[in-house]
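Notes follow once the structure below has been shown.
The values are calculated or read from the model by the stated rules, or taken from the named source; none is laboratory data. All values derive from a computational prediction rather than experimental measurement. Glycine also receives a Cβ, built like all others from the backbone with ideal geometry; neighbour counts cover every protein chain displayed.
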Amino acid sequence: MILDCIGVGIIGGQTHLSSSLRRFAALTDGQTKDKQSLLWGFGRTHCSAPMAAYLNAASCHSMDFDDTWHPATHPSSPVLPALLATAGSLPTTLQPTLEDLLIAFNAGVQVQGCLLRCSQAAQNIPNRLHPPAIVGVMGSAAAVSRLLGFGPEKCRHALAIAASFAGAPMANAGTTTKPLHAAKAARFGLEAALLADTGIQGNPNILDMESGFGAYFTDFNPEKEMHNISNDAGVILNEQDIAIKRFPCHLGMHWAIDASTALHKQIVELRGSLAVDGIKRIDISAPKSRYINRPIPESEHEARHSFQFTSCTALLDGVVTPESFQETMRDRRDLKNLLSKTFIQSSNDNKPCFDTMYVEVKVTLSDNTVIQSRCHTPYGHWRNPLSDDDVISKFRNNSTKAVGTNVDQVIKLVRKMNSGSKVSDLEEAMQ
């Protein structure tokens, strides 16, 4: 998770969105080689700790390439940037080890898992509020509190402060604002911990109250989950369902891409090639979710949240890459031709849940031959996880351009994460 998050943050830093946010930072915070916390993928450029957390977390989510789990959220992008930014702001004599970082990261992820398990509604793909902006800020606050060595009382105040920074509507999915949900979660969680450290207090019982954190979930029931945790020696993270993405788009698109890639192969084997004019109709059966049903996406961010676009791209090309979402690729005549023939429907048995959903793509050829493929578990899903080699390959592809020959050192440090190395060693390798 940590290696993947660094990689998607580095490649995400090359996007137009991240460029816009750096201009914003220059106006409001400034970027110099003397400030404390590293801006990933840009040599020795540094920002203040809160701004570095904000920019790096936005980069992590700018391509929707960061990890996802069940219950649905992006667990790493709100937490890791906050931790690295915090560590960068500490004096040399107080530099945490990579083992300290790993423990704090696990704490931040664990808190998100605990909170999501307090709501049955959180099991499904969200339709009202974006989870990284709700549980992500709590995970960030918990992680930074752990890294700074807070006791229980101060940690509770950090979480209470963070709860007042939570929330973001799903209506901004498919826009350049959505990555800011992870950004604000990382930044405000970090700031909540710093505020608590200065003596600012919140309601210490906020996690137990309907008018507290329960305001974000209509069925929030912490008592049951806390009982389960107190009677279980295990760690939620060990049981959590993590998906490391192969494609820079919403996780649900991975079902559509795998099904459509299989169809591309079948059609080429059957006909020798894929002729767009030889396709009469494309039918997609997918879970009902308004924000990922986009017949004609008008931007790269809409395309990353479109069953139709990702299905047609995979069908046409037999592969989906980061370049697939660029304007020149989106504007291809053949792709638009396929999109105009594409229809989507949902069945009652196909719930919007990453654990149970499926996507079926059916292609009707011009001679009325019907070919179809259904995906229940895409590669990268927790039931079919990426191999270690493929995770490392993804990291290399995402990071080598910016990090260069240091990429091997980053991999080596992250694979060990022990007390023999400092966080500053990792950041030095990332420059």
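Scanning segment 271-323 for residues that are among the hydroxyl-bearing types (Ser, Thr, Tyr), touching a residue at least 60 places away in the same chain (Cβ under 8 Å) and not in a loop (DSSP other than H, G, I, E, B) yields 285, 291, 310.
When residue 54 is tested against (1) under 23 Å from residue 417 (Cα atoms); (2) hydroxyl-bearing (Ser, Thr, Tyr); (3) in contact with a strand residue (DSSP E or B) (Cβ under 9 Å, 6 or more places away or on another chain), exactly one condition is not met: (1). Scan (1) at pLDDT below 90; (2) part of a helix (DSSP H, G or I); (3) farther than 22 Å from residue 178 by Cβ for the single condition residue 44 breaks and write down its number. (2) is the only condition that residue 44 fails. The selection criterion, being over 25 Å from the mean Cα position of the chain (by Cα) and either modelled with pLDDT of 95 or more or buried (at least 17 other Cβ atoms within 10 Å of the Cβ) (or both), does not hold for residue 174. Checking the condition surrounded by fewer than 19 Cβ atoms within 10 Å (Cβ to Cβ) and among the hydrophobic types (A, V, I, L, M, F, W, C), which residue from 363, 370, 414 passes? Result: 370 is the single residue among 363, 370, 414 that is surrounded by fewer than 19 Cβ atoms within 10 Å (Cβ to Cβ) and among the hydrophobic types (A, V, I, L, M, F, W, C). Selection within segment 317-354: residues that are of a type in the set (Phe, Trp, Tyr) and modelled with pLDDT of 95 or more. The member of this set that is surrounded by the fewest Cβ atoms within 10 Å (Cβ to Cβ) is 343. Within segment 335-377, the set of residues being more than 14 Å from residue 256 (Cβ to Cβ) and touching a Phe, Trp or Tyr at 6+ places or on another chain (Cβ under 6 Å) is empty.
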